[in-house]
Amino acid sequence: MSRVLVIGAGGVGSVAVHKMAMNTDIFSHITLASRTKSKCDAIAKSVLERTGVTIDTAAIDADDVAATTALIKSVKPALVVNLALPYQDLAIMDACLASGVNYLDTANYEPRDEAKFEYSWQWAYQDRFKDAGLMALLGSGFDPGVTSVFATYTKKHLLDRIDTLDILDCNGGDTGLPFATNFNPEINLREVTAPSRHWESGQWIEGPALSHKQVFDFEGVGPKNMYLMYHEELESLAKFYPEIQRIRFWMTFGDSYLKHLEVLGNVGMTSIEPMMFQGREIIPMELLKALLPEPSSLGPLTKGKTNIGTIATGEKDGKARTVYVKNICDHEEAYAETGNQAVSYTTGVPAMIGAAMMLTGKWRGAGVFNMEQLDPDPFMDMLNQHGLPWTVEDLAAPLAF
Ligand code: NDP
């Protein structure tokens, strides 16, 4: 039985808190804090209606380390679950160190003024967390998160040696809107417009953004164009699995989404360079974010399924084998259960499970950890029990290039 403080009242925070409230044997007391307290209160109301559990709420600017430290000290949680934005990661890690509390997030740190995410900033906290006897778990969402747990499970149970790993992320959801991003637009558009990068024979291979695609027939969705992209978990997978010769990440995008993105990019709306507009400085990407629908408002509109998994090739008992581990999640079912669509659901549930792993002591340690370093079995069990069931399938042939 443990107290938990969740920071961030977006779609992911909402799902995580609903799921925690469904598991009060692990999460005995929940506080949700975010920049806008009214959003926390709306989530608290939904949690009470759906689960009968009352949670506390608070306003916090998590960029303010002193204020966040004071909040943590007053809430006295065993764990802070950071579901705000990647920009807040370091400030919240600092506040956890200052108050002596464990830390978890779902996205690696990204500076506001540079569209670049990597683990180096957070890995640099290794000694401080270790010396304090505290645990920081990085990237406990779906991707990063579950995809790394799938890889670790594959290595533990399905293959003696992994030669190649492909991560396939398909959102077959349709909002009926001409253009909307299914999680924070600023983070989403920064990710999609970045050059592609994959790991091959010990080095990163870069290419222009969205320049390499292939069609894949996703169960529950149908055939979709998927594009080679850079994604966070490639960095930790390459670090913790040096045996893997090639690691790639693929994400599906519809033609209409890409056309909007191209036009917005061409007119400069996706830029993060500050510019002067009518006498004041604005950042075009932030203006665009304000114009686009809030991801948390997409829940009632989204129909269809997500299908995210890993295809690994390698050897088992001396024979070549290709295995596909995946989860399919239905947007409307996710919405019925938590009031949020499947992209928030597939992130919020693993955040809850990662938190449960830490609070129950199944995952324990001092220092900064990635998902690849921890036993996949109890996490995989909880995925099956808490709304993200997975399957393992042998494929006749590896994914083509
Ligand atoms: P949203 O934008 O919907 O929500 C973010 C929340 O954080 C908002 O409530 C926002 O407050 C709050 N927030 C922002 N800045 C601060 C601050 N300085 N102090 C306190 N609260 C703040 O995002 P999502 O819920 O979609 O995503 C949450 C996180 O999950 C992101 O880091 C995202 O990158 C990550 N993610 C990870 C995935 C994975 O698979 N690993 C997939 C999808 C998302 P306000 O409402 O006032 O703006």
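The values are calculated or read from the model by the stated rules, or taken from the named source; none is laboratory data. Just so you know, these numbers come straight off a predicted model, no measurement behind them. Cβ sites come from the backbone with ideal geometry, for glycine too, and all protein chains shown count toward neighbours. Surface accessibility is based on the protein's heavy atoms, side chains included, excluding ligands, DNA and RNA. Shrake-Rupley method; radii C 1.70, N 1.55, O 1.52, S 1.80 Å.
Between the residues LEU189, MET226, ASN266, the greatest Cα displacement towards the positive end of the dipole of the chain, with unit charges on the Cβ of Lys, Arg, Asp and Glu, is found for LEU189. Taking the Cα centre of region 2-138 as reference, the dipole from Cβ charges on Lys and Arg (+1) and Asp and Glu (-1) amounts to some 480 debye.
Summed over qualifying helices (DSSP H, 4 residues or more, each -39500 (n - 2.57)) and divided by its residue number, the chain shows a 222 nm mean residue ellipticity of -10000 deg cm²/dmol. With 20 Å as the limit on Cα-Cα distance, the pairs of LYS155/LYS326; LYS156/LYS362; LYS239/LYS319; LYS259/LYS305 that go past it are LYS239/LYS319; LYS259/LYS305. By accessible area, using a 1.4 Å probe on protein heavy atoms only, the chain has 51% of its surface on carbon and sulfur.
Rolling a 1.4 Å probe across the protein heavy atoms gives the chain an accessible surface of 40 Å² per residue. Dipole check for the chain: with +1 at the C-beta of Lys and Arg, -1 at the C-beta of Asp and Glu, and the Cα centre as origin, the magnitude is about 520 Debye. Taking all protein chains as they are arranged and a probe of 1.4 Å, the heavy atoms of GLU114 leave approximately 80 Å² accessible to solvent. A Cβ-based charge dipole, computed about the Cα centre of region 285-401 with Lys and Arg at +1 and Asp and Glu at -1, lands at about 140 debye.
The residue among THR306, PRO389, ALA67 whose Cα reaches farthest toward the positive pole of the charge dipole of the chain, with charges on the beta-carbon of Lys, Arg, Asp and Glu, is ALA67. Please report the antiparallel percentage of DSSP beta bridges with both residues in region 2-138, rounded to the nearest 5. Among the beta bridges of region 2-138, antiparallel pairing accounts for roughly 0 percent. Shown for region 2-138: lysine pairs separated by 8 or more places, or found on different chains, whose C-alpha atoms are under 21 Å apart, numbering 9. Going toward the positive end of the dipole of region 324-372, with +1 on Lys and Arg Cβ and -1 on Asp and Glu Cβ, which of GLY354, GLY365, CYS329 do you reach last? Of GLY354, GLY365, CYS329, it is GLY365.
What is the gain in length, in nm to one decimal, between ASN266 and LEU287 on full extension, counting 0.36 nm per residue of separation less the C-alpha to C-alpha distance?
Roughly 6.0 nm would be gained on extension.
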